[in-house]
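> Right, I'll just put the structure down here and ask away after.
The values are calculated or read from the model by the stated rules, or taken from the named source; none is laboratory data. On a predicted model such as this, the values are computed, not experimentally measured, just so you know. FYI the Cβ positions are ideal-geometry reconstructions off the backbone, even for glycines, and counts take in every protein chain you see. These area figures cover heavy atoms from the full protein model, side chains too; ligands, DNA and RNA do not enter into them. Shrake-Rupley method; radii C 1.70, N 1.55, O 1.52, S 1.80 Å.
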Amino acid sequence: MEMATGTHRRDKFRELVRLLAVHETAEEEVVHPAVRDLAGGEPVVEARLGEEHRAKELLSTLDKMGTEADGFDTLLVQLREDVLAHAEHEEHEEFPLLRRELSDERRRAMASTAKTAEAIAPTRPHPGVEGSTANLLLGPPIAIMDRARDAIRSALGR
């Protein structure tokens, strides 16, 4: 995306927004509740939710700015650094808890559930909608609006 220009850059950015939005929703609905239930899991989940909230705010700002705006590239670098740090925290803090406490079968079931959650998740970031309860209550109507907006944009070539 960093090398792309014009409409190709815009399209690549929208795909990045969609990928991050659906991924984080699945984490918030499936992974975080499981970790929260484990000994020592609550502070780990709270820290990840804080990171996700900040990333959603930054992603929303970037989306509103547009890929050609002054300052977009600077914020995009910040987003990349934040996302990579978030992934590292998951790898070193969340996933070891899950591997230690949950069976292979349970983790496979969670992976399947996460894929289903991604298929119906909102496609845009929504700061303030973090956590399983918020996603389960607000996610479906937000997802419908996001997906309708995506379809309209696609039909109009924007």
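> Of 13, 31, 97, which is farthest towards the positive pole of the range 1-97's charge dipole, taken about the Cα centre with +1 and -1 on the beta-carbons of Lys, Arg and Asp, Glu respectively?
Final value for the positive-end residue is 13.
> Just to be sure I understand: with springs between alpha-carbon atoms less than 10 Å apart, which residue in 119, 26, 39 has the highest mean-square fluctuation in the Gaussian network model of the chain?
Largest GNM mean-square fluctuation: 39.
> Let me ask something else. Please list 7, 61 in order of solvent-accessible area, largest first, computed with a 1.4 Å probe with all protein chains present.
Listed by decreasing accessible area, they come as 7, 61.
> If DNA, RNA and ligands are ignored and the probe is 1.4 Å, what is the ranking of 64, 56, 12, 115 by accessible area, most exposed first?
64, 115, 12, 56
> With each label point set 7 Å from Cα along the Cα-Cβ vector, what nm distance links residue 69 and residue 7?
2.2 nm
> I've got another one for you. Using Cα-Cα distances under 8 Å and only pairs 6 or more residues apart, what relative contact order does the chain have, in percent?
Worked out over the chain, it gives 37 percent.
> Next up: For the range 41-130, what is the convex hull volume of its Cα atoms per residue in Å³? Show your work: numbers first, answer last.
On the way: hull volume 9.2 nm³, N = 90.
In the range 41-130, the Cα convex hull volume per residue is 102 Å³.
> So what does residue 149 come to for accessible area, using a 1.4 Å probe and Å² rounded to 10?
Ignoring ligands and nucleic acids, residue 149 comes out at about 110 Å².
> Send over a whole-number figure in Å² for the accessible area per residue of the chain, probe 1.4 Å. Mind dumping the intermediate values first?
Values: 9010 Å² over 158 residues.
That works out to 57 Å² for each residue.
> Something else about it: From largest accessible area down, sort 92, 23; use a 1.4 Å probe on the protein chains. Don't skip to the end; give the middle numbers.
Details: 92 130, 23 75 Å².
Putting 92, 23 in descending order of accessible area: 92, 23.
> Right, here's the next one. Dividing the Cα convex hull volume of the range 38-80 by residue count, how many Å³ per residue is that?
For the range 38-80, the hull spanned by Cα atoms encloses 61 Å³ per residue.
> Lysines near residue 64 by alpha-carbon distance under 27 Å, same-chain residues fewer than 8 away left out - which ones?
12, 56
> As an exercise, use a Förster radius of 25 Å and the Cβ-Cβ distance of residue 120 and residue 42 to find the FRET efficiency, rounded to the nearest 0.05.
Once the sixth-power term is evaluated, E becomes 0.40.
> All other residues with a Cβ under 12 Å from the Cβ of residue 95 taken together, and with Lys, Arg as +1 and Asp, Glu as -1, what is their net charge? Don't skip to the answer; put the middle values down first.
Working: positive: 48, 99, 100, 107; negative: 27, 88, 90, 91, 93, 94, 101.
Spelling it out: positives minus negatives among the neighbours equals -3.
> Can I ask one more? Less than 14 Å Cβ to Cβ from residue 82, Lys/Arg counted +1 and Asp/Glu -1: what total charge do the surrounding residues give?
Once all neighbours under 14 Å are counted, the net charge is -3.
> Further, regarding this structure: For the pair residue 153/residue 95, report the inter-label distance in nm, with labels modelled 7 Å from Cα in the Cβ direction.
Label-label distance for residue 153 and residue 95, simple model: 2.9 nm.
> Rounded, prolate or oblate: which one fits the chain, using the alpha carbon gyration tensor with axes a ≥ b ≥ c (rounded when a/c is under 1.5, else prolate when a/b beats b/c, else oblate)? List each step's numbers first, then the result.
On the way: a/c = 2.23, a/b = 1.61, b/c = 1.39.
Prolate, since a/c reaches 1.5 and a/b exceeds b/c.
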